[in-house]
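In what follows, a single structure is set out as structure tokens and then discussed.
Here, each number is a calculation from the coordinates, and none is a lab measurement. Because the structure is predicted, anything quoted here is derived from the model rather than measured. Cβ sites come from the backbone with ideal geometry, for glycine too, and all protein chains shown count toward neighbours.
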Amino acid sequence: MEESFDLSSHYPIVWRRNDVGGLELVAVRTLLRDAEIPGIRRVGLDTLPVLLQAYPFRHKNHLLGDFDIGLDRAAPASERNAGSYIYDHLGNMSAGAELKLKKLELFTRTFDWEKSLTSALVRHDMLEPIELPRDIQERFEVPEFFTAILEINHPILLSGIQEESWKLALSFLTAQRLSLFRMGQIIRRNEREIEIS
């Protein structure tokens with residue numbers, strides 16, 4: 001959730017259905033399937049998803065509530081991208097590995113908060129579909145995206161959220177709505193990419 005504040009100045013932040021049918025918060029970086037994230041080789045680390053920043057550390061299956069920490073056994077993308085050691089020759093954890101574990105801890109800490117805000121929005125019918133032009137939806141096979149409604153009943157929404165998180169929740173909902181203005185840029189960029197190919 002906290003990463004959404006960094007991402008919202010670059011990408012639209014929306015909800016979409018995940019593999020198990022629940023709603024999850026995502027940053028829309030492209031509408032093209034199997035496309036490389038635009039500018040991935042130039043972006044700052046803070047604009048990458050926290051779970052990617054934590055690689056190769058990962059949770060066993062956070063969508064099903066299994067937060068056991070493990071290592072991803074996927075091969076590096078290229079020979080030059082083998083990564084760094086987790087432990088040094090004395091058995092001490094490297095600074096890079098500790099930083100990656102902190103990113104994973106950040107994800108874990110905010111995951112429940114994100115789920116509770118999403119549940120409150122769904123429970124009080126405060127999410128609505130984002131209406132993209134039909135030709136865009138069909139051409140790019142866009143999944144259904146959702147946004148928080150504009151006229152949120154704050155007392156009702158906040159009644160299900162811990163008081164110390166109220167300011168964060170309201171700030172996030174404002175950033176989320178403002179981030180939708182980035183969708184036009186993504187559509188134009190993807191249309192240009194289709195014309196070129």
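Odds and ends about this structure:
- Each of F57, F107 has some number of other Cβ atoms within 10 Å of its Cβ, and from fewest to most they run F57, F107.
- In order along the range 130-145, the phi-based Karplus estimate (6.51 cos²θ - 1.76 cosθ + 1.60, θ = phi - 60°) of 3J(HN,Hα) comes to 8, 8, 8, x, 4, 5, 5, 4, 6, 5, 9, 6, 6, x, 6, 9 Hz; Gly and Pro are listed as x.
- Nearest-0.05 FRET efficiency for H124 and L52, computed from C-beta distance (R0 30 Å): 0.40
- Pairwise FRET efficiency - A95 versus R16, Cβ, R0 = 35 Å, nearest 0.05: 0.50
- Sequence of L168, L150, L121 once ranked by neighbouring C-beta atoms within 10 Å, starting from the fewest: L150, L168, L121
- Ascending count of other beta-carbon atoms within 10 Å, so fewest first, for V26, V142, V20, V14: V20, V142, V26, V14
- Summarising the label geometry, the points placed 7 Å from Cα in the beta-carbon direction at E163 and A175 lie 2.5 nm from one another.
- Modelled spin labels at Q137 and K115, positioned 7 Å past Cα toward Cβ, are 3.0 nm from each other.
- Amide H to amide H distances under 5 Å link F145 with I130, where only residues 5 or more positions off or on other chains count and H is placed in the peptide plane.
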